[in-house]
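The values are calculated or read from the model by the stated rules, or taken from the named source; none is laboratory data. Not measured: the values here are computed from a predicted model. In this analysis, Cβ positions are derived from the backbone assuming ideal geometry, glycine residues included, and neighbour counts consider all displayed protein chains. All accessible areas refer to the heavy atoms of the entire protein, side chains included, with ligands and DNA or RNA removed. Shrake-Rupley method; radii C 1.70, N 1.55, O 1.52, S 1.80 Å.
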Amino acid sequence: MNNLDDIISRIDPTRLPRHVAIIMDGNGRWANQLGRPRSDGHAEGVSAVHRAVEFSSDMGIEYLTLYAFSTENWNRPQEEVDTLMYLIGWAIERELPDLIRNNVKIRLVGDIPRIPEDARRRLLNAEKATSHCTGLTLLMCLSYSSRWEIAEAARRLATQAAEGVISTSDITEELISANLATAGVPDPDLLIRTGGEERISNFLLWQIAYSELYFTPVLWPDFQKENYAEAILDYQNRERRFGKTSAQVQQKDADLEPNI
């Protein structure tokens, strides 16, 4: 039994996170450590994306959200931005046959019109080509930030209120969620950040209110299926209370156990 099989053997398949979100951090540092251009790190990161998608699909996880390019990333050197946009478009087109074969559905999240035309065309084509798929839903956050998303939702709700479609008293947490870019998708159960940083970086701030956070020093290009499996195992060793006491959670679990 190899290391991956050993870790998977300890994972309870009945308690998998339904939705995993990942902040893919460390491409540039990976390249710098090897004395290579940052673009090499981003290119190597594409392989890590492939592994994460494949593992999620194989494990039966329903939703995987990847932070691929933030609103703030537009402020990076233009050469790096151009490289990232090319890689994103090229990678999605290259992976498309496998995604369809594995029943993976693409959903784009973010200010997509801001993405350059060639990459945007490839991304939208992938979203359309996988729209019939019913397995893993892969949400790709591109030109995305949570503050942008929440501001967009606020504008939509303000417009609806001004037009008399809703009243301010109609605005609930559920209505706000329904107006976010991730509408219809359950909140992440597990948020993973690679690269050693321990911050959220403007990612899914509304949605991760009760997510379990997992930080690893492993740089994204080095993130293997074993690392992913370890994050899930760590998740399963936590008690998710959602504001309740441990006693309440344990009682609920006991009530759910079948009488034999």
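Here are some notes:
- Condition met for Ala31 (in a helix (DSSP H, G or I), touching a His at 6+ places or on another chain (Cβ under 9 Å) and at negative phi): yes
- In region 169-185, the qualifying residues are those that are in a loop (DSSP other than H, G, I, E, B) and either of a type in the set (A, V, I, L, M, F, W, C) or at pLDDT below 95 (or both), and the one that is nearest to Ala151 (Cα to Cα) is Leu180.
This table checks each residue for (1) of a type in the set (Lys, Arg); (2) more than 25 Å from Asp58 (Cβ to Cβ).
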site	(1), (2)
Arg114	yes, yes
Arg121	yes, yes
Met140	no, no
Ile150	no, yes
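- Selection within region 200-230 - under 14 Å from the mean Cα position of the chain (by Cα) and open to solvent by less than 30 Å² (accessible area, probe 1.4 Å): Asn202, Phe203, Leu204, Gln207, Ile208, Ser211, Trp220, Tyr228
- Ile171 being more than 25 Å from Thr71 (Cα to Cα) and open to solvent by 30 Å² or more (accessible area, probe 1.4 Å): yes
- Meets criteria (in contact with a Gly (Cβ under 7 Å, 6 or more places away or on another chain) and either β-branched (Val, Ile, Thr) or more than 18 Å from Leu64 (Cα to Cα) (or both)) for Arg199: no
- Of all residues making up region 74-112, the number that are without any contact (Cβ under 8 Å) to a residue 24 or more places away in the chain and surrounded by 15 or more Cβ atoms within 10 Å (Cβ to Cβ): 2
- Filter result (under 22 Å from Gln207 (Cβ atoms) and buried (at least 16 other Cβ atoms within 10 Å of the Cβ)) within region 35-61: Val49, Ala52, Val53, Phe55, Ser56, Ser57, Met59, Ile61
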